[in-house]
Structure formats: structure tokens, C-alpha cells
Amino acid sequence: MEANTKEEVEEGQSLQCWPPTVGLLPWVVFIDGSSEENQTFYDISESHCHVKSIPELQGKLVAMCSYGWLVVGGYIILDDCFLLNPISTKKIQLPSLTPDFSYDNCVLSLTPDNPDCVVMFFNFDIGTLDVTFCKHGDAEWTRQDFKLHDEDDSDCVRSAGVH
């Protein structure tokens, strides 16, 4: 029998914190506990939870999940922003966000494996829609503000999506 190298043992131990492969239906992931050290992956196809402790997600917020990827930011300060695939363990670093950054919704235009994928954060306010976006490899976020006017002059945005 062949002995494992130190690197193989460390890699095996590190992979134990990641969830098992995905089944037929998507999973729900949430960060739980007051220490925010654990993440729960709920498999809706088997009605079963897997509690894991992924170091990259400790003290972070999951802004959204799409295409099997998580958009992750810091809990109090969103400066550390990245995309994470919890199955492949691939991580794509995004530009830092300012400490006062806020958003109401987040959307991926395509799977992050596609170089044309755009990460978009939407912030709704009365009369305006702020869109902050970037592509993989961008050095900074681009922000665009749209002035809105409804037919009934309410100037209120309830939701946004990508087409």
C-alpha cells in the first residue's frame, strides 16, 4: 500500500469541508449560527441538510446563487467580493466594493465560466435604479444610475432582471 504525501492528506482534509456533489435539483445554501462559521447546504431532492464549514464563506454574505455559483461578499464590509463554486471549489475574485455599498438584488448574466458573464448589483430607490456591474478581469466596478418615471408617477421599482 502506498502512503499518502503530506499534500494529499492536507488536500483530502480540506475537501471534507465542501458539500457533496449536487443531485438532480438545486440546493439551498445558508450561513447559520451566531459565529457564522458553518454553512448549511439543503438538498431539496433528498430533503437532507449537509452542514459544512468552508473557510472562504466564514464571516461572509451570500448575495445570490445562480448556475451553481455563489456571489459572496464580506459581512460588514463588502470589500472582499468573489464568485465561488462550492462543488468545483473554483473561486473567481471580483473587484472590491466600497464600505458604504448597498444593494437590493444581484444577478449573473451567464455562468461565470463564460468570459462574457456580467455580475450586476441593483439598488432600488424612489425614482432611480442604480446598477453596479463588472466582468471577470475588470479592475473596478462600473456604476450607472437610471432615472425612472412610471405612467402613474410613482417612480417605484419593485424588481429587475436580465434579458
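Just so you know, all these numbers are worked out from the coordinates, no wet-lab data involved. Being a predicted model, the structure only gives us computed values, none of them experimental.
Straight-distance candidates among the lysines for linking to Lys135, with alpha-carbon spacing under 29 Å and chain neighbours fewer than 8 residues away dropped: Lys60, Lys90, Lys91, Lys147.
Taken over the range 54-142, the ratio of Cα radius of gyration to 2.2 N^0.38 Å equals 1.03.
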